[in-house]
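Here the structure is laid out as structure tokens; the discussion comes afterwards.
Bear in mind these aren't lab numbers, they're just calculated from the coordinates by the rules spelled out. Please read these numbers as outputs of a predicted model, since none were measured by experiment. Glycine gets a Cβ as well: all are built from the backbone with ideal geometry, and neighbour counts include every protein chain shown.
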Amino acid sequence: MLDIEERMKKWQKLHYLFTYKDLTGKPKIKTAILTCMDCRIISSVFGVEEPGEVIIIRNAGALLTEDSLRSLLIAIYELDVRIIIVVGHTQCGGCMDPTQMNNLIAKISEKTGRTVQEILPFLNAPNVPAAFRGFIDVRKQVQKTAKTISRHPLFAPLEIKVYAYIYNTTTGELLRSLYETSDLLYE
Ligand SMILES: [Zn+2]
């Protein structure tokens, strides 16, 4: 395993090669990708080769949350984004049934010595499913998220294009999910 201290020393030296000083925070292809935090997903998965091309917003499960909504609003209204691509993936840790969500909060409770009722306010949620927002079918979840974004009252007037994709973590394929801006389709 690579020593993180060694890697950080390398990062500190990267600025000698830096050729992006004229970039602004506005992405060149006017695109924001909402994807999962999973470590198997990196920017090259989307064909991103250089800084300044796209905005990447990440959370567990590639969900539209209060915070990803906030980021998308900034991306659209301040950074001229007009295309949003939602990318979920196979083997996603965000796929959790109620039992798995209960097990997760039980683990947190056990390690922290706090009750479930004491933990939920940290997540600003009234119950365990609302706290972790587990889902069963990643394709349906991605399509639902894309649909919600495309019809969102704060985005709709700007005619934002929204796409849904699934990244296969075992084959490396990035496949379009059958979602179009105004229709919800299933394979
Ligand atoms: Zn994931």
Pop a pseudo-label 7 angstrom from the Cα along the beta-carbon direction at both residue 14 and residue 60 and give the gap in nm to one decimal.
-> 2.6
Would you please give the residues with an amide H less than 5 Å from that of residue 94, counting only those at least 5 places away or on a separate chain, with H modeled from the backbone geometry?
-> 61
The stretch 164-173 - phi-based ³J(HN,Hα) in whole Hz, Karplus 6.51/-1.76/1.60, Gly and Pro as x = 10, 9, 10, 9, 8, 6, 9, 10, x, 7
Computed, not fitted: 222 nm per-residue ellipticity of the chain from DSSP H runs ≥ 4 (each -39500 (n - 2.57)), nearest 500, equal to -9000 deg cm²/dmol
A chain fully extended from residue 24 to residue 70 at 0.36 nm per residue, minus the present Cα-Cα distance, gains in nm 14.6 nm
When the dipole is taken about the Cα centre of the chain, and only Lys, Arg (+1) and Asp, Glu (-1) are charged at their Cβ, what size is it in debye, to the nearest 20?
-> 140
Taking amide H positions as placed 1.01 Å from N in the peptide plane, with prolines and chain starts having none, which residues 5 or more places from residue 33, or on another chain, fall under 5 Å of its amide H?
-> 55, 56, 57, 85
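Going by average Cβ density within 10 Å per residue, which order do the peptides 126-139, 100-113, 23-36 take, highest to lowest?
Details: 126-139: 16.0, 100-113: 12.7, 23-36: 18.1.
Ranking the peptides 126-139, 100-113, 23-36 by packing returns 23-36, 126-139, 100-113.
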For the stretch 124-131, take each phi angle, set θ = phi - 60°, evaluate the Karplus expression 6.51 cos²θ - 1.76 cosθ + 1.60, and give the result in whole Hz per residue in order, putting x for glycine and proline.
-> 6, 10, x, 8, 5, x, 5, 6
Residues with amide H under 5 Å of residue 81's amide H, sequence separation 5 or more or different chain, H placed in the peptide plane at 1.01 Å from N; which?
-> 76
Round to the nearest 0.05 the FRET efficiency obtained for residue 44 and residue 82 when R0 = 22 Å and r is the Cβ-Cβ distance.
-> 0.40
Which ³J(HN,Hα) values in Hz, rounded to whole numbers, follow from the phi angles of the stretch 46-62 under the Karplus curve 6.51 cos²θ - 1.76 cosθ + 1.60, where θ = phi - 60° and Gly and Pro get x?
-> 9, x, 6, 10, 9, x, x, 7, 9, 9, 10, 10, 10, 7, 5, x, 6
